[in-house]
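Take a look at this one; I'll ask things after.
The values are calculated or read from the model by the stated rules, or taken from the named source; none is laboratory data. All of these numbers come straight from a predicted model, not from anything done at the bench. Heads up, the Cβs are rebuilt from the backbone with ideal geometry, glycines too, and the neighbour counts pull from every protein chain shown.
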Amino acid sequence: MAYVCLLLSGAALLLNGLAALDLLPRRDAAIFSLVIGSAQLVLGVTYLAVTYPAVTDPAVTDPDVSAGGGSQLLLGASGMFLFGLTYVYVGLDFLLGMGSRGLGWFCGMVGLCGILLAAAWSGEDPLLAVLWLCWTYLWLLFFLQLALGFERLAPLIGWSLVLTSQASATVPAFLGISGQWPAGSEAAAAAAVAGAGLAALLLLAGGLAWRGRRSGTEAAVVERPLSGVLRR
């Protein structure tokens, strides 16, 4: 179920990024976020209700069920709930006109949780740790924009969401669903490749945001009437 939630997150991140770039109506993205977040919360509760008793049952000897114990299960479920609550909050914030300040502080808190989750997964699953660092960066961007008022970050947030949505969520989700998630000696190499790729995408997002802001500034200068020109 965790991989299914990750797959849903790829779609939600993409649509919210397009909305941040004004390429999609924000109401569409808000409704989609509310649906995806609600689905993830339901899946998270179901995941815990079905899996946790089996993992903590000493009579269970199946390594596919008992491997990692309850701690890894709770770490995985925590991520599902953090994503789900974020999407629900994003949807409700826009649809109810809540002002976004509370959402910004919530994203800041989730960003701090993301750092802790990245550290917790770094030994067992370095690829997932790298993904959590990427998601943490996105949450902290929202914190800066919504809670602290850095509105100029909107293009950077939009491009970051669009460019990393598939690389940090959709592709890893398909790896997990298909049973190709890297483990053992392959995990460190996969984490390094993922880290380099995501860093390149985030740098590209910064370049695109800067280019768009510069183009907008130049257009405003061109359209501004020259001083001394008589207006009729």
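Can you tell which of A192, A196, A183 is modelled with pLDDT of 55 or more, in a loop (DSSP other than H, G, I, E, B) and under 19 Å from A118 (Cα atoms)?
A183
Out of all the residues in the stretch 124-134, is one or more crowded, with 21+ Cβ neighbours inside 10 Å and assigned to a loop (DSSP other than H, G, I, E, B)?
yes
What pairs can you find where one residue is in the stretch 80-109 and within 17 Å of A169 (Cβ to Cβ), the other is of a type in the set (V, I, T) and surrounded by 17 or more Cβ atoms within 10 Å (Cβ to Cβ), and their Cβ atoms are less than 6 Å apart, with a gap of 6+ or different chains?
Correct list of pairs: L82/V110; Y87/I36.
Taking the stretch 31-53 as the search range and keeping residues that are surrounded by 17 or more Cβ atoms within 10 Å (Cβ to Cβ) and of a type in the set (V, I, T), which one is farthest from A2 (Cα to Cα)?
Result: I36.
I've got another one for you. Starting from the stretch 20-31, keep only residues that are within 17 Å of S100 (Cα to Cα), then list their pairs with residues that are among the aromatic types (F, W, Y) whose Cβ atoms are within a distance under 6 Å, requiring at least 6 positions of separation or different chains.
Qualifying pairs under 6 Å: R26/F94; A30/F94.
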